[in-house]
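To keep things clear, I will list the structure first and then write my remarks on it.
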Protein chains: 4
Amino acid sequence: MAQQGSPISPSTQFTSNLETQKRAMGSYAEPQSKMLNIAVVGLGRMGKRHVSTLLARVPRARVVAVCSAAPHEVEWARSNRDYIDFNITAYDNYTAMLDHPGLQAVWVSTSTDVHASQTIEAVEKGLHVLCEKPLSTNMDEVTAAIQAAKSRPDLKVMAGFSRRFDASYRDAYQKVKAGAIGTPYLIRSQTCDLLDETGFFVAYAKRNGSIFVDCTIHDIDLALWFLDNPAPKTCFAVGTLKHHPELAESNDVDNGVAIVEFYGGKIAYFLASRTQSHGHDVSTEVTGTEGKVQINVIPRANNVVLAHRSGMTHEVQPEYWQRFEDAFATEAREFVESVLEDKPVPLPLEGGFMVMKIARALAESLSTGKVVRFDEQGKQVDL
Amino acid sequence: MAQQGSPISPSTQFTSNLETQKRAMGSYAEPQSKMLNIAVVGLGRMGKRHVSTLLARVPRARVVAVCSAAPHEVEWARSNRDYIDFNITAYDNYTAMLDHPGLQAVWVSTSTDVHASQTIEAVEKGLHVLCEKPLSTNMDEVTAAIQAAKSRPDLKVMAGFSRRFDASYRDAYQKVKAGAIGTPYLIRSQTCDLLDETGFFVAYAKRNGSIFVDCTIHDIDLALWFLDNPAPKTCFAVGTLKHHPELAESNDVDNGVAIVEFYGGKIAYFLASRTQSHGHDVSTEVTGTEGKVQINVIPRANNVVLAHRSGMTHEVQPEYWQRFEDAFATEAREFVESVLEDKPVPLPLEGGFMVMKIARALAESLSTGKVVRFDEQGKQVDL
Amino acid sequence: MAQQGSPISPSTQFTSNLETQKRAMGSYAEPQSKMLNIAVVGLGRMGKRHVSTLLARVPRARVVAVCSAAPHEVEWARSNRDYIDFNITAYDNYTAMLDHPGLQAVWVSTSTDVHASQTIEAVEKGLHVLCEKPLSTNMDEVTAAIQAAKSRPDLKVMAGFSRRFDASYRDAYQKVKAGAIGTPYLIRSQTCDLLDETGFFVAYAKRNGSIFVDCTIHDIDLALWFLDNPAPKTCFAVGTLKHHPELAESNDVDNGVAIVEFYGGKIAYFLASRTQSHGHDVSTEVTGTEGKVQINVIPRANNVVLAHRSGMTHEVQPEYWQRFEDAFATEAREFVESVLEDKPVPLPLEGGFMVMKIARALAESLSTGKVVRFDEQGKQVDL
Amino acid sequence: MAQQGSPISPSTQFTSNLETQKRAMGSYAEPQSKMLNIAVVGLGRMGKRHVSTLLARVPRARVVAVCSAAPHEVEWARSNRDYIDFNITAYDNYTAMLDHPGLQAVWVSTSTDVHASQTIEAVEKGLHVLCEKPLSTNMDEVTAAIQAAKSRPDLKVMAGFSRRFDASYRDAYQKVKAGAIGTPYLIRSQTCDLLDETGFFVAYAKRNGSIFVDCTIHDIDLALWFLDNPAPKTCFAVGTLKHHPELAESNDVDNGVAIVEFYGGKIAYFLASRTQSHGHDVSTEVTGTEGKVQINVIPRANNVVLAHRSGMTHEVQPEYWQRFEDAFATEAREFVESVLEDKPVPLPLEGGFMVMKIARALAESLSTGKVVRFDEQGKQVDL
């Protein structure tokens, strides 16, 4: 099913070099083909899930390679039965992986600090890229990656904001576009994670920025989407530390509340939390002049209710994977389709720019205690 | 606030006799008066609640007397502060209570076996009557009471089916009447009680007939109401005993399921249970040719939800009082209003006749294992 | 049932004067009595409802008088059958009403601008007072009224924050106190009204202060209650005008979002809206270190669901009366009980002080665009 | 990706014959292989969906062939881009398809009348089979197919009751097995379809048996599963015709209600309907001695709620595909896994025997108006 490629085969390397040259010259793209050869970089929790998604939910994707900088992850991949059966080559070097023969696209699923550089490198090799959010916590890197993508309009370079691919969010969006709530002007959105007592989260947090950059970024993206890309006017945020005192070192909190006021009389307000007891609780309400649409206001793991001595109970998804597993499959399918059919990507990389700008303004407000203001041209101003 | 009546005052008795004579001649009714003097017979759990309802929720009712055959209940009433402050005379003899000076109406809230005779006696004394369901488990008594009521059209004699006074059932009924579901043809309704482990229920059950007569009677009443009084064609019921083996003696069950097919292509099916773990779970669904209306399909004690490690939980009303407290207040108010304003009662006594006929057919089916059939004139037939 | 008092009877006036003197000397209170003679001032929508509540839901209250400055309301009261039958005297002069013979308590239900002065006048005449929220939009008046109440510890003077009497809020509070969510640290609460297109609201708004004073005041009260009276640190608010441009004149908005950060790592955030399409939508979520409790997150008018071609629909209460009717009855009963039984009132007047302070800080933030800060002693500071 | 097989290639036919012989001798099964070559017979609505499921959700399945007796369906398959790209050969002859080179398994998704014969033929050719429910409406055919399967214990022959693969039903079942509701004794289950006004359903109904065989069969299966395979004692059913009068010809109804009483004090009761306005409404409640578990009692298409002038509305899945799409994928994956890993199938064919026996008893009760009874050995008896 997959190429016989191996990182140690000289002849393969040779072929690969030729291919890289072709791709670098912009001649590689082959829309209308049957299958897309794709690699996943990053074999953490999500990277592994992305491989599974590609194998099990994206019939026209062919996972040909994976890559990790962590030796135990490479080892794991090389001995995993699925990876063997489906001929997935495991690399320990990203540049080497990019030269995998026949490779057409890369799914960047590493930690945030290398998202931008890996995206740029892949684009420079002529590969299509699906990059997980956020592109970077550094606005210069964000800009550089967006520029790289723009310089290769023949390549599909897509930002991975999974909620835009969720069936409920899409249904809500279609209802709003169809006028079901009149003109939308207010959005409440929250990203609340189950308390992680394993220590995994604290280690993770060090590399992924403030709570507003890591969590609220999704809610900001939804606000921009549902409110039709308004320009931010004022940003204010507060927070508190309840379970992860270690976050104080990085000026972060484990619960944060924020308001973003936009020009044009539109408002968004957000909650982000790392410390929920009941599960992953991501919900959104969009209010318009003639109605309101709610997404997942009552989170439910499934449609089972248990009636017992103390009442009636339903369960909640433990984490975002259970909530958004289908959305990730849709995201992957649509990325693959955009390449194979040469269609625009659903979420161009530049979409992440304003999202990150607002997320960083909230992080700044949290640190300084002040309101962060922008003029109508998007320039930050002092009051 | 109340008359100075006392069961031992000779002069009061004398007055009372005169009044009784007047009432017996049909000359007593005084519509358009300000207040209704009413007595409650039966001081069990519900009788006490009815007194409270009249005091606290029915401004134009004046509770002047109560009566119980149980000495400890009479004693309790005579020492209860509310009963003293509001001048409520407690009798141990029903006939004596009926002669209470100025008495105009009686709320019969005793055990089922004396409902009919007490209703008849009160009517014969010229008193208005609100009689709790069921009128009787004996069809001859049912007929006799209905006849008594018909013989005194000047009196308001009302059957107490509390659900007809519940705001949700009324809203559903209005929606159905307004055509929201097209033509209704199917009803599912259940009366499920919290398991009572105190022994109260088993003692109670001995005097209140089969589960289909005691519980399902409400659901049958709803079926007749929502389906527009169709004539029954076939009745079938099964049951099981899970927690109250003592019921086997009286051929009863603690969980029963029943189907009633009506002429005209209408169907009702029912569940009655005494053994719920989570609370009082009474729900109804009415299906029509163009929609369905649900009442209380998810029972909720209030609007609180607790999110915790195992999910999200809401509580359920423990018993019918919490579910139908407001309905009892509405029932009492409308009965009082029908007397004071000389308006028809919302639920004439004869309404209970067909309900009881079907309930008894289900009890018979449960005993015999056979289908009970009726011809279109309502006569029971063998297959 | 009630005294024969009439505002024009000289003898009555005379008696009344004597009584007023006795009351002014602090000798009037008569706990343990059977009934409380109470008057309602203000016969607007809520005043009339309070009279009905007292008549129909508070058995130990005797409404003896009402008062309105609007001639048509006085006229209405004098010709209303209930008011006549229950001997309720209608006054057009508040001072005269306070002298009604036998009067013991007053329910102040006028517009906000006279709440404080009417409360003070009643207290000075030795009457118990239940005063609707807010006490005043002027902090000096608030202070004066609280002082007046404190000077008469023999009188019951209560603040009317109806949500504290709502069964769901109380159940949630008891759960929180019992430790169901660990230590509460975060509250989200909203007061959202159905859009009023009749013009009633705009007229009303002129006399009732900013949206944060009129609506959010309830949510602030809940925040202080559930979070155990924390001291405010920073207040920030934004708003928008969607349906009532007339509000711009008074620097008000019809949708406002606010954050209140408290000392001790606690946070509250609020939404207030006048422009909902679906009904009165008041909900609250309290998050603690080990769980979350929700109140009314899905508002439901009753327990009916209609299944139809476009899905399944339930209705929402149109306004706060349908949502809080029972709470008002509980509030009235507990006020009456606190007087008759000489028990502390559930909500002393001073409880409203901090609520109003925060509400006004939010209104100020809305006007200035700045964060309003307090030091730990509650003094407002500039950044 | 797939073999180059074509129905007209002689050499392929030859190979195929050899393979068929090998398989017929029981020597074909090759567990532990990487991929399963599977064919789908029947290209109606569900057959096409099964192909898509295998392509998009079952990574170790390789769809090599499809078959239909309808020329336009074969034509459609031959010109469908997915079928071409994935090398799926379309046959118009079932026997020919069974000889497709390398074929290992067949998914039987034709109309009910040929399920049994096609299953038997495939088994006789040494192929693994997944057969849609019901196996047959004829008990003799059911028995014959089960016998065929038993004669080839080396083959995986599985009954396709999709609900057993649904995540919510499985979660509920695990809760029940873990004792969450004590001992289950009562089940209410319904299969209610959206009214089909296209005429599709009426055409379909002619070949798929009574409503109790076509719809309730799922609910019966659930009853047997959750109640631990009790023996039926009495079966009773009624029905009505509301929208599809054509069904009268075949003694069928479009709404049916049924009770099945089991030995051991267990009860199941069912509703089946073809005429729902709001969508596909399949729900189940299992009551035990210490609790109740509900599955999908409030059907929801997704987690979106629209708040509007008339209330709050959520949508419902239009048909079983939207409700059970994931279940079909799980079913397919588990069937493929059982073959590749040589594990027992989740649902052996014989599981369908008792289900069909009860379904037919209900259909008989509907026709005759009588109770159908079984003795404890499962023999039908007259009363």
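Which of (1) away from chain D (no Cβ under 14 Å); (2) among the hydroxyl-bearing types (Ser, Thr, Tyr); (3) surrounded by fewer than 22 Cβ atoms within 10 Å (Cβ to Cβ); (4) under 30 Å from residue B:294 (Cβ atoms) does residue C:234 not meet, given it meets every other one?
(4)
Part of a helix (DSSP H, G or I) and either within 18 Å of the chain's Cα centre (by Cα) or under 27 Å from residue C:290 (Cα atoms) (or both): which single residue out of A:252, A:193, A:221 fits that description? Give the derivation first.
Details: A:252 fails: part of a helix (DSSP H, G or I); A:193 fails: part of a helix (DSSP H, G or I).
Step by step, each of A:252, A:193, A:221 is checked, and only A:221 is part of a helix (DSSP H, G or I) and either within 18 Å of the chain's Cα centre (by Cα) or under 27 Å from residue C:290 (Cα atoms) (or both).
Could you tell me whether any residue of the stretch D:288-299 is touching a residue at least 40 places away in the same chain (Cβ under 8 Å), within 30 Å of residue D:56 (Cα to Cα) and among the hydroxyl-bearing types (Ser, Thr, Tyr)?
Among the residues of the stretch D:288-299, not one is touching a residue at least 40 places away in the same chain (Cβ under 8 Å), within 30 Å of residue D:56 (Cα to Cα) and among the hydroxyl-bearing types (Ser, Thr, Tyr), which makes the answer no.
For residues that are surrounded by fewer than 24 Cβ atoms within 10 Å (Cβ to Cβ) and in contact with a Phe, Trp or Tyr (Cβ under 9 Å, 6 or more places away or on another chain), scanning just the stretch B:239-252, find the one that is nearest to the other protein chains (Cβ to nearest Cβ).
First, pick out the residues of the stretch B:239-252 that are surrounded by fewer than 24 Cβ atoms within 10 Å (Cβ to Cβ): B:240-251.
Checking which are in contact with a Phe, Trp or Tyr (Cβ under 9 Å, 6 or more places away or on another chain) leaves us with B:240, B:242, B:244.
On the way: B:240: 4, B:242: 6, B:244: 12 Å.
Here the residue is B:240.
Anything in the stretch D:87-111 that is assigned to a helix (DSSP H, G or I), touching a helix residue (DSSP H, G or I) at 6+ places or on another chain (Cβ under 9 Å) and farther than 22 Å from residue D:337 by Cα? List them, or say none. Please lay out each step first, then the result.
Going residue by residue through the stretch D:87-111, those that are assigned to a helix (DSSP H, G or I) are D:94-98.
Filter again for touching a helix residue (DSSP H, G or I) at 6+ places or on another chain (Cβ under 9 Å), leaving D:94-96, D:98.
D:94, D:95, D:96 - these are the residues of the stretch D:87-111 that are assigned to a helix (DSSP H, G or I), touching a helix residue (DSSP H, G or I) at 6+ places or on another chain (Cβ under 9 Å) and farther than 22 Å from residue D:337 by Cα.
Each row is one residue, and each column tells you yes or no for (1) acidic (Asp, Glu); (2) free of Cβ contacts under 8 Å to residues at least 60 places away in the same chain.
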position	(1), (2)
B:60	no, no
B:73	yes, yes
B:81	no, yes
B:87	no, no
B:109	no, no
B:114	no, yes
B:118	no, no
B:125	no, no
B:135	no, no
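What single numbered condition from (1) within 11 Å of chain B (Cβ to nearest Cβ); (2) part of a strand (DSSP E or B); (3) within 30 Å of residue A:183 (Cβ to Cβ); (4) not basic (Lys, Arg) fails to hold for residue A:258?
(1) is the only condition that residue A:258 fails.
Does residue B:54 meet the test of being under 26 Å from residue B:325 (Cβ atoms), among the hydrophobic types (A, V, I, L, M, F, W, C) and touching a strand residue (DSSP E or B) at 6+ places or on another chain (Cβ under 9 Å)? Let's see the steps before the verdict.
Numbers: under 26 Å from residue B:325 (Cβ atoms): yes; among the hydrophobic types (A, V, I, L, M, F, W, C): yes; touching a strand residue (DSSP E or B) at 6+ places or on another chain (Cβ under 9 Å): yes.
Yes; evaluated as a whole, the condition is true for this residue.
If a residue has to be loosely packed, with under 10 Cβ neighbours inside 10 Å and under 18 Å from residue D:237 (Cβ atoms) to count, how many in the stretch B:367-383 make the cut?
Going through the stretch B:367-383 one residue at a time, the tally reaches 0.
So residue D:168 ticks every box in (1) in contact with a strand residue (DSSP E or B) (Cβ under 6 Å, 6 or more places away or on another chain); (2) not in a helix (DSSP H, G or I) but one. Which box is left unticked?
Result: residue D:168 passes all but (2).
Look at residue A:166 and say whether it is acidic (Asp, Glu) and within 16 Å of the chain's Cα centre (by Cα). If you could, list the steps in order and put the result at the bottom.
On the way: acidic (Asp, Glu): yes; within 16 Å of the chain's Cα centre (by Cα): yes.
So residue A:166 fits the description; yes.
Only one of (1) within 14 Å of chain C (Cβ to nearest Cβ); (2) touching a residue at least 24 places away in the same chain (Cβ under 8 Å) fails for residue D:268. Which number is that?
Of the numbered conditions (1) within 14 Å of chain C (Cβ to nearest Cβ); (2) touching a residue at least 24 places away in the same chain (Cβ under 8 Å), the odd one out for residue D:268 is (1).
(1) within 14 Å of chain A (Cβ to nearest Cβ); (2) assigned to a strand (DSSP E or B); (3) among the charged types (D, E, K, R): which one isn't true of residue B:292, the others all being true?
Here residue B:292 meets the rest and fails (1).
Please find, within the stretch D:147-196, the residue that is farthest from residue B:272 (Cα to Cα) out of those that are in contact (Cβ under 8 Å) with a residue 12 or more places away in the chain and acidic (Asp, Glu).
Applying the filter and picking the extreme gives D:154.
So which of B:337, B:315, B:350, B:325 is surrounded by fewer than 23 Cβ atoms within 10 Å (Cβ to Cβ), at pLDDT below 95 and out of contact with any Leu (no Cβ under 6 Å at 6 or more places or on another chain)?
Working: B:337 fails: at pLDDT below 95; B:315 fails: at pLDDT below 95; B:325 fails: at pLDDT below 95.
Answer to the check: B:350.
Among the residues of the stretch A:312-343, what is the count of those that are among the β-branched types (Val, Ile, Thr) and under 15 Å from the mean Cα position of the chain (by Cα)?
The initial filter retains those residues of the stretch A:312-343 that are among the β-branched types (Val, Ile, Thr), namely A:313, A:316, A:330, A:336, A:339.
Still in the running and under 15 Å from the mean Cα position of the chain (by Cα): A:330.
Summing the residues that are among the β-branched types (Val, Ile, Thr) and under 15 Å from the mean Cα position of the chain (by Cα) in the stretch A:312-343 gives 1.
Identify the residue in the stretch B:297-319 that is of a type outside the set (A, V, I, L, M) and more than 7 Å from chain A (Cβ to nearest Cβ) and, among all such residues, is nearest to residue A:195 (Cα to Cα).
Residues of the stretch B:297-319 that are of a type outside the set (A, V, I, L, M), as a first pass: B:299-300, B:302-303, B:308-311, B:313-315, B:317-319.
Narrowing further to those that are more than 7 Å from chain A (Cβ to nearest Cβ): B:299-300, B:302-303, B:317-319.
Working: B:299: 30, B:300: 28, B:302: 28, B:303: 26, B:317: 32, B:318: 33, B:319: 37 Å.
Of everything passing the filter in the stretch B:297-319, B:303 is nearest to residue A:195 (Cα to Cα).
Is there a residue being within 14 Å of chain B (Cβ to nearest Cβ), among the charged types (D, E, K, R) and out of contact with any Phe, Trp or Tyr (no Cβ under 6 Å at 6 or more places or on another chain) anywhere in the stretch A:320-342?
Pass one, the stretch A:320-342, residues within 14 Å of chain B (Cβ to nearest Cβ): A:322.
Within this subset, residues satisfying the condition of being among the charged types (D, E, K, R) are none.
The answer is no; no qualifying residue exists.
Search the stretch C:116-135 for residues being surrounded by 24 or more Cβ atoms within 10 Å (Cβ to Cβ) and at pLDDT below 95, and hand back the single one that is nearest to residue C:203 (Cα to Cα).
This residue is C:134.
Could you list, ordered by first residue, the pairs with Cβ atoms under 8 Å in which the first is in the stretch A:368-383 and within 24 Å of residue C:261 (Cα to Cα) and the second is hydroxyl-bearing (Ser, Thr, Tyr) and at pLDDT 95 or above, at least 6 apart or interchain?
A:369/C:234; A:371/A:234; A:371/A:365; A:372/A:234; A:372/A:365; A:373/A:234; A:374/A:234
Which numbered condition trips up residue B:181, out of (1) hydrophobic (A, V, I, L, M, F, W, C); (2) assigned to a loop (DSSP other than H, G, I, E, B); (3) closer than 28 Å to residue B:380 by Cα?
Answer for residue B:181: the failing condition is (3).
Could you check, for the stretch A:152-174, whether at least one of its residues is surrounded by fewer than 16 Cβ atoms within 10 Å (Cβ to Cβ), more than 22 Å from residue A:232 (Cβ to Cβ), within 14 Å of another protein chain (Cβ to nearest Cβ) and among the small types (Gly, Ala, Ser)? Walk me through how you get there before you give the answer.
Kept after step one, since they are surrounded by fewer than 16 Cβ atoms within 10 Å (Cβ to Cβ), are these residues of the stretch A:152-174: A:153-154, A:167, A:174.
From what's left, more than 22 Å from residue A:232 (Cβ to Cβ): A:153-154, A:167, A:174.
With within 14 Å of another protein chain (Cβ to nearest Cβ) added as a condition, the list becomes A:167, A:174.
Subset that is among the small types (Gly, Ala, Ser): A:167.
Checked against the condition, which is being surrounded by fewer than 16 Cβ atoms within 10 Å (Cβ to Cβ), more than 22 Å from residue A:232 (Cβ to Cβ), within 14 Å of another protein chain (Cβ to nearest Cβ) and among the small types (Gly, Ala, Ser), the stretch A:152-174 yields at least one hit.
Looking at the stretch D:102-115 only, could you name the residues that are of a type in the set (S, T, N, Q) and surrounded by fewer than 23 Cβ atoms within 10 Å (Cβ to Cβ)?
The answer is D:111, D:112.
Residue D:376: within 24 Å of residue B:365 (Cα to Cα) and in a loop (DSSP other than H, G, I, E, B), yes or no?
Details: within 24 Å of residue B:365 (Cα to Cα): yes; in a loop (DSSP other than H, G, I, E, B): yes.
Taking the combined requirement at face value, the residue satisfies it.
Name the residue, out of B:274, B:207, B:188, that is touching a Cys at 6+ places or on another chain (Cβ under 9 Å), more than 14 Å from chain A (Cβ to nearest Cβ), of a type in the set (Lys, Arg) and not in a helix (DSSP H, G or I). Before you say what the answer is, go through the steps one by one.
On the way: B:207 fails: touching a Cys at 6+ places or on another chain (Cβ under 9 Å); B:188 fails: touching a Cys at 6+ places or on another chain (Cβ under 9 Å).
None of the other options fit; the residue is B:274.
Quick test of your reading of the structure: residue C:307 fulfils all but one of (1) crowded, with 23+ Cβ neighbours inside 10 Å; (2) touching a residue at least 40 places away in the same chain (Cβ under 8 Å); (3) not hydroxyl-bearing (Ser, Thr, Tyr). Name the failing condition by number.
(2)
The values are calculated or read from the model by the stated rules, or taken from the named source; none is laboratory data. All values reported here derive from a predicted model rather than from experimental measurement. A quick note on method: Cβ atoms are made from the backbone with ideal geometry, for glycine too, and the neighbour counts reach across all protein chains shown.
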